[in-house]
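Following: one structure in structure tokens, then a few remarks.
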């Protein structure tokens, strides 16, 4: 699987209402990945408007602060 880039979890914005992490995509939309997907070990965030994907760089303990939000 070809990814556009690898981005640290700290560079994403977390929305507690939707439980999604977002990061700007070059196309003008946003890459998105759900907290539950990250907890399940998935690490690919996709852009809904184009074919680009990025790998989210994180350690499982990085997610602890988001689980209770």
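The numbers here are math on the coordinates, done by the rules we state, and not lab data. The structure presented is a predicted model; accordingly, all values stated were derived computationally and were not measured.
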Mean separation of Cα contacts under 8 Å (at least 6 apart) over the residue count of the range 5-57, i.e. the relative contact order in percent, is 35
Computed D for the chain, Stokes-Einstein, Kirkwood radius over alpha-carbon pairs, 10 °C, 1.306 mPa s, to the nearest µm² per second, is 132
Helix-only [θ] at 222 nm, the chain, -39500 (n - 2.57) per DSSP H run of 4+, per residue, nearest 500, equals -2000 deg cm²/dmol
